[in-house]
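Quick notes on the structure that follows.
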Amino acid sequence: MTKNKKFVVFTDSIGNFNISAKSTDSLYFYATRYLTQKYAVSDLLKRKEIKIQLEPEKCIPFVSCEQKKPSNYYIFIGKKLKLEGQKQPYYCNTITMDGEFKSTYKIEKNLYGNFPKDTIIFTAFDHYGIPKFSNFENVLLFVGEYCGKLYHEKYQYFDLYKTKNGKWASPGNPYKNDNYAKEKNIEPKKINFENTVYFDISKLNEKQIEDEYPVEYYKIIENKAIPIMGTYVEDLVEIKKNGILKARKIELE
């Protein structure tokens, strides 16, 4: 309903607007950082002049977590259960530029930290929109505990797929999203992924296919990119430990 121009209108530069409504309808007035107000059209029609003044939303002070090193750190294979965007509070003393998401994942396998439950709920922040890791059913995730809350290690993940030998692996170049690894000494291996693992490339142009699915890692058959090279999860964890995590001063055993 909110996308229908019959029901939603915007004011001009001085606050005027036109909308068609029945006397039995109600109008909602909304503005960012103001409290939404509701008025019955029948009541508005009784006024000589319709002038709406919204009440500002009250801000709260932003208190940052100053903890630099995580109390606990968890690395696990997770299966997506739910990802929900969160409305962030209106802070008096800062402007938040990242979207906030409540992420609920089933832990398929613990790889570091041994989270005590089979389901984990953590907060993810992303500057560019919905976190990319949520596009995949199974992912290798990195989550730290700071000031008593669990947070996703920003932008860090690997999409994972089952192999024919029952293991988990990520296809392609394992260093493609890590510019902090000084020694790239882990080589991807030839892996037989399950037959259902492939990527639809029908909407990509030739340059995009070359960039995203290079022939040294994928076999291109018609509109499919079929992975032939990849890296098992244990090696993926080592890549992050010695790359981006070390750069962020997160020292793991």
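Set the Cα radius of gyration of region 29-143 against 2.2 N^0.38 Å, with N its number of residues, and you get 1.58. The spread of Cα positions in region 1-89, taken along each principal axis and listed from longest to shortest, comes to 63, 33, 23 Å. Amide H contacts under 5 Å for TYR218: ILE228, restricted to partners 5 or more places along the chain or on a different chain, H placed in the peptide plane at 1.01 Å from N. Two decimals, Cα atoms only, Kirkwood Rh: what is Rg/Rh over the chain? Ratio of gyration radius to Kirkwood radius: 1.12.
Here the Karplus curve 6.51 cos²θ - 1.76 cosθ + 1.60, taken at θ = phi - 60°, turns the phi angles of region 123-131 into couplings of 9, 10, 10, 8, 7, 9, x, 5, x Hz, with x standing for Gly and Pro. For region 126-253, the alpha carbon convex hull comes to 141 Å³ per residue, rounded to a whole number. Its Cα centre serving as origin, region 97-227 has a Cβ charge dipole (Lys and Arg +1, Asp and Glu -1) of approximately 400 debye.
Scan around LYS224 for amide H atoms under 5 Å from its own, H built in the peptide plane at 1.01 Å from N, and keep only partners 5 or more places away or cross-chain. Those qualifying (amide H under 5 Å, at least 5 residues apart or on another chain) are ILE201. Think of a 1.4 Å ball rolled over the protein heavy atoms: the chain then has 69 Å² of accessible area per residue. Among the trypsin sites (Lys or Arg not before Pro) in region 73-154, those placed in a DSSP loop whose Cβ has at most 10 other Cβ atoms within 10 Å are LYS87, LYS117.
Would you please name the chymotrypsin sites (Phe, Trp or Tyr not before Pro) within region 109-163 that are DSSP coil residues with at most 15 other C-beta atoms within 10 Å of their C-beta? Those that pass, being in a loop and sparsely packed, are TYR128. All Cα-Cα distances of region 85-183, cut into 10 Å bins from zero to the largest, leave 12, 41, 33, 11, 2, 0 percent in each bin in turn. Loop-located GluC sites (Glu not before Pro) across region 120-182 with a Cβ neighbour count of 11 or fewer within 10 Å are GLU137, with loop assigned by DSSP.
The values are calculated or read from the model by the stated rules, or taken from the named source; none is laboratory data. These numbers come from a predicted model, not from an experiment. In this analysis, Cβ positions are derived from the backbone assuming ideal geometry, glycine residues included, and neighbour counts consider all displayed protein chains. All accessible areas refer to the heavy atoms of the entire protein, side chains included, with ligands and DNA or RNA removed. Shrake-Rupley method; radii C 1.70, N 1.55, O 1.52, S 1.80 Å.
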